[in-house]
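Just so it is clear, none of the values below were taken in a lab; they were calculated from the coordinates. If you're wondering where the values come from, they're calculated on a predicted model, not measured in any experiment. Using ideal geometry, Cβ is built from the backbone for each residue, glycine included, and neighbour counts are taken over all protein chains shown.
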Ligand code: TXA
Ligand code: MG
């Protein structure tokens, strides 16, 4: 992103801090992008099927990919889910509001389009004060995927939303950069054993401390359709336009011969020789710091006139699990 486009974007008249008007747009069936602690969401009234259809159209998202329903208070749950099990209750008390989405049996009030016809609905209570204020003021559950065109890098600022969706949104509520920076962890509680459908901003180890071992859904990278155990977890996703290559956490980074190569790395060892652009997410091993900068840094590299990006994989624990998942899909051609 150049300084010039940034200026134009931040002056876009659809970027607002007026939460009440944004809530009124939501109630009227409009599309409102809003900040959460994870990424910006593209919101619509979850009970209004026409509004929800506009979300799929704006993102050019296939309808087999279900949307997460956002709430601000547990008193909204009876409209959305038929039961809250003991495990669900425990997880809500421990992690809500926050970056954990729970898939629970849905009620008839939630349109089929929201859940892609599945018997479960993903529900989450975000932690961002502006998201909570918007949800409270709108008074309806809000279906919201990440506010980016389908398959591309998730937005962590209001300007990213406008860059990707342009005039397909009615307004974007500006809440500054997202603090967590990775989408929520999605955990299905539809069967006896909890299944991790998507690693995200709530580390799996933290969940396992509360409820014991959690099964990990395995996506078959050769099949990209509704038959996946974790719908919407496509092999290619979160993708920059510049080809992306991954290296192991301890490998030496070397630019690709004859290519303008960028490097996204972390940690203390300096290895910048020969790269056209280097982004070091943290000087230490702080995965929280890396996550907060992760998507914005991928975007910066993608718009730096490079022919190749090399990204260093993270240690496979905590938020590193979610970032490695995103990197793997971003690198899939
Ligand atoms: O942090 C987040 O979760 C952000 C913010 C805006 O809340 N939202 C987000 O939504 O990342 P989206 O649409 O980009 O990703 C939602 C994913 C789906 O692709 C699918 O993998 C899973 O969550 N999901 C949603 N509803 C589901 C359901 N009913 N059953 C199974 N998986 C579901
Ligand atoms: Mg998304």
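Sort segment 114-222 into rounded, prolate or oblate with this rule: let a ≥ b ≥ c be the square roots of the eigenvalues of the Cα gyration tensor; rounded if a/c is under 1.5, and if a/c is not under 1.5, prolate when a/b is larger than b/c, oblate otherwise. Prolate shape, in that a/c is at least 1.5 and a/b is the bigger ratio.
Peptides 39-52, 295-308 ranked from most to least packed, by the mean per-residue count of other Cβ atoms within 10 Å: 39-52, 295-308. Springs join every pair of Cα atoms under 10 Å in this Gaussian network model of the chain, and among 109, 323, 127 the largest mean-square fluctuation is at 109. The length gained on full extension between residue 286 and residue 192, counted as 0.36 nm times the residue separation minus their Cα-Cα distance, comes to 30.3 nm.
Multiplying the residue separation of residue 18 and residue 63 by 0.36 nm and subtracting their alpha-carbon distance yields 13.1 nm.
What separates the Cα centres of segment 124-167 and segment 278-331 is a distance of 21 Å. Site pair residue 241 and residue 276 shows an inter-label distance of 1.4 nm when each label is modelled 7 Å from Cα along Cα→Cβ.
Mean-square fluctuations from a GNM of the chain, with a 10 angstrom spring cutoff on Cα atoms, peak among 322, 217, 159 at 217. Between the helical axis of 86-95 and the longest alpha-carbon principal axis of the chain there is an angle of about 50 degrees. Adding -39500 (n - 2.57) for every DSSP H run of four residues or longer, then dividing by how many residues the chain holds, sets the calculated 222 nm ellipticity at -8500 deg cm²/dmol.
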